[in-house]
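Only the coordinates and a few stated rules stand behind these numbers; no lab work does. Quick caveat, the model's predicted, so the values are computed rather than measured. Cβ placement follows ideal geometry from the backbone for every residue including glycine, while neighbour counts extend to all protein chains displayed.
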């Protein structure tokens with residue numbers, strides 16, 4: 001079940017007309033209260049990314065999510081791909097690194 005922040009992120013990224021979109025709340029993997037919406041991974045596949053460098057794709061995502069990033073979203077991981085790139089990797093999502101911050105630091 002998605003929370004209000006996750007739902008807002010999903011709705012705003014729809015503006016990029018994605019062929020594939022996953023908004024993954026990874027907050028539970030970090031030192032935050034249960035039910036938090038502070039750490040997200042976004043996997044977005046859109047034809048509109050064709051011809052853009054990766055940093056430009058990330059800037060587009062960040063611009064759409066400016067309110068969330070200025071508010072409670074602490075971390076955002078982005079995989080922004082074209083449909084051809086998504087297909088070439090077999091639709092696989094790269095694993096996120098483990099959290100090393102807060103009380104979980106080793």
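If the segment from residue 17 to residue 66 were pulled out straight at 0.36 nm per residue, it would be longer than the present Cα-Cα gap by 15.8 nm. Set the Förster distance to 35 Å, then compute FRET efficiency between residue 84 and residue 26 from the Cβ-Cβ distance, nearest 0.05. Using R0 = 35 Å, I get an efficiency of 0.85. Any chance you could give the angle, 0 to 90 degrees and rounded to 10, that helix 54-64 forms with the longest Cα principal axis of the chain? For helix 54-64, the angle is close to 60 degrees. Taking 0.36 nm per residue of separation and subtracting the Cα-Cα distance, full extension of the segment from residue 77 to residue 10 would add 22.7 nm.
Annotation for residue 94 and residue 56: the two label points, set 7 Å from Cα along the Cα-Cβ direction, are 2.0 nm apart.
Pull up the DSSP beta bridges for the range 4-89 and report the antiparallel fraction as a percent, rounded to 5. For the range 4-89, the DSSP antiparallel bridge percentage is about 45.
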